[in-house]
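Here's the structure we're looking at; comments come further down.
The values are calculated or read from the model by the stated rules, or taken from the named source; none is laboratory data. Every value quoted in this text rests on a predicted model; they were computed, and no experiment measured them. Cβ: placed from backbone, ideal geometry, glycine included. Neighbour counts: every protein chain shown. With ligands, DNA and RNA removed, areas are computed over all heavy atoms of the protein, side chains included. Shrake-Rupley method; radii C 1.70, N 1.55, O 1.52, S 1.80 Å.
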Amino acid sequence: MVSLSDLRRFKADGRKFSCLTCYDASMAKAMEIAEVDSILIGDSLGMSIQGRDSTLPVTVADMAYHTAAVRRGNQHAFIMTDLPFMSYATLNDALQSSKTVMQAGAQMVKMEGGAWLAETVQVLTRNGIPVCVHLGLTPQSVHVFGGYKLQARTRAAADQLIADCKAVVEAGAALLLLECVPAQLGQEITELFPQIPVIGIGAGAATDGQVLVVQDMLGLTFGHTAKFVRNFMQEQSGATAILDAFKAYHAAVLDGSFPAPAQTFQVEL
Ligand code: KIV
């Protein structure tokens with residue numbers, strides 16, 4: 001089973017790693033066969049599984065249910081689970097929510113935010129819970145942002161995001177996830193922390209790992225699709241098409257062909 005030490009070793013060796021969101025045992029098994037390195041049980045399940053219009057209604061019980069299903073289906077990938085909206089607003093909430101998803105099978109919890117999470121990161125880490133901090137476009141704050149938009153477009157905003165990363169890394173964050181930021185910033189943050197693996201989604205090609213929402217990369221998201229998405233099903237056919245799409249994604253992340261320039265945000269900072 002892939003561990004946090006393996007992800008750190010991949011970074012040290014310059015070996016990229018793949019990550020996909022997953023919410024059920026059969027997809028998880030296909031990802032195991034395709035040797036996808038890590039899985040995120042994302043609160044995006046609010047939209048992709050529950051049909052809601054944001055991640056806000058998702059509960060800790062939902063996250064634990066899907067985490068347990070994924071863990072039963074996959075004995076290979078490193079598993080991270082999102083703490084949903086308002087489930088880590090206090091230290092006690094964060095501890096209780098993390099306990100629930102870790103006992104369901106997660107190896108790490110993910111929280112959205114910045115420097116203000118430092119104490120929470122420190123307390124969880126001290127309690128044996130590795131933490132990933134998700135920065136940039138953080139969907140739980142969609143109503144603050146006023147939509148799903150590219151973040152950190154100016155040098156000042158990029159420097160603020162770097163300061164947030166430093167604060168949570170100093171507090172003990174073991175992984176960073178950057179969403180929807182200029183490729184240059186993705187590269188700067190990845191190089192700034194040699195010990196901390198950085199996963200990107202719309203953060204350019206330089207991050208150590210890449211993640212996509214599984215429905216997006218299988219072409220099952222109807223309507224608007226984000227610029228950073230590539231449909232890996234388009235090139236597949238036949239009974240093993242889904243499995244082959246996962247294999248193609250894993251290979252493209254490892255050989256650096258995903259994301260291509262068409263899937264990255266080029267902004268001079
Ligand atoms: O919930 C989720 O799927 C996520 C990804 C978009 C990174 O946080």
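Quick one: how many residues across region 107-139 are among the acidic types (Asp, Glu) and within 12 Å of the ligand (Cβ to nearest atom)? Steps first, please.
Within region 107-139, the subset among the acidic types (Asp, Glu) is 112, 119.
If we keep only those that are within 12 Å of the ligand (Cβ to nearest atom) as well, we get 112.
Number of matching residues: 1.
Would you call Gln184 open to solvent by 20 Å² or more (accessible area, probe 1.4 Å) and more than 15 Å from the ligand (Cβ to nearest atom)?
Working: open to solvent by 20 Å² or more (accessible area, probe 1.4 Å): yes; more than 15 Å from the ligand (Cβ to nearest atom): yes.
Yes, satisfied.
Taking the condition of being within 17 Å of Gly256 (Cβ to Cβ) and of a type in the set (A, V, I, L, M, F, W, C), how many residues in region 13-44 meet it?
Adding up the residues that qualify gives 3.
Whether any residue in region 139-152 is surrounded by fewer than 20 Cβ atoms within 10 Å (Cβ to Cβ) and at positive phi is what I want to check. Walk me through how you get there before you give the answer.
Of region 139-152, the ones surrounded by fewer than 20 Cβ atoms within 10 Å (Cβ to Cβ) are 141-150.
The next check asks that each one be at positive phi; those that pass are 146-147.
Yes, some residue in region 139-152 is surrounded by fewer than 20 Cβ atoms within 10 Å (Cβ to Cβ) and at positive phi.
Of all residues in region 72-101, which are closer than 19 Å to Val2 by Cβ and surrounded by 21 or more Cβ atoms within 10 Å (Cβ to Cβ)?
Result: Asn74, Ala77, Phe78, Ile79, Met80, Thr81, Asp82, Val101.
Can you tell me which residues in region 198-208 are closer than 19 Å to Thr138 by Cα and either of a type in the set (Asp, Glu) or more than 14 Å from the ligand (Cβ to nearest atom) (or both)? Don't jump to the end; show me each part of the working.
Just the residues of region 198-208 that are closer than 19 Å to Thr138 by Cα, to begin with: 198-204, 207.
Within region 198-208, Gly204 is the sole residue that qualifies.
Considering only region 7-58, state which residues are open to solvent by 60 Å² or more (accessible area, probe 1.4 Å), more than 14 Å from the ligand (Cβ to nearest atom) and either of a type in the set (Ser, Thr, Tyr) or in a helix (DSSP H, G or I) (or both).
Across region 7-58, the qualifying residues are Arg8, Arg9, Ala12, Asp13, Ser26, Lys29, Ile33.
Scan region 203-235 for residues that are open to solvent by 20 Å² or more (accessible area, probe 1.4 Å) and of a type in the set (S, T, N, Q) and jot them down.
Of everything in region 203-235, those that are open to solvent by 20 Å² or more (accessible area, probe 1.4 Å) and of a type in the set (S, T, N, Q) turn out to be Gln215, Thr221, Thr225, Asn231, Gln234.
For region 240-254: of the residues being farther than 12 Å from Ala30 by Cβ and without any contact (Cβ under 8 Å) to a residue 40 or more places away in the chain, which is most open to solvent (accessible area, probe 1.4 Å)? Spell out the reasoning first.
Looking only at region 240-254, we keep the residues that are farther than 12 Å from Ala30 by Cβ, and these are 248, 251-254.
Those still in the list that are without any contact (Cβ under 8 Å) to a residue 40 or more places away in the chain too: 248, 251-252.
On the way: Ala248: 28, Ala251: 50, Ala252: 5 Å².
So the residue we want is Ala251.
Among the residues of region 81-106, which ones are within 16 Å of the ligand (Cβ to nearest atom), assigned to a loop (DSSP other than H, G, I, E, B) and under 18 Å from the mean Cα position of the chain (by Cα)?
Across region 81-106, the qualifying residues are Leu83, Pro84, Phe85, Ser87, Tyr88, Ala106.
Considering only residues that are open to solvent by less than 10 Å² (accessible area, probe 1.4 Å) and in contact with a Phe, Trp or Tyr (Cβ under 9 Å, 6 or more places away or on another chain), look in region 156-179 and name the one that is farthest from Ser5 (Cα to Cα).
Across region 156-179, the extreme among qualifying residues is Cys165.
Regarding Val142, is this residue among the β-branched types (Val, Ile, Thr) and within 14 Å of the ligand (Cβ to nearest atom)?
Yes, satisfied.
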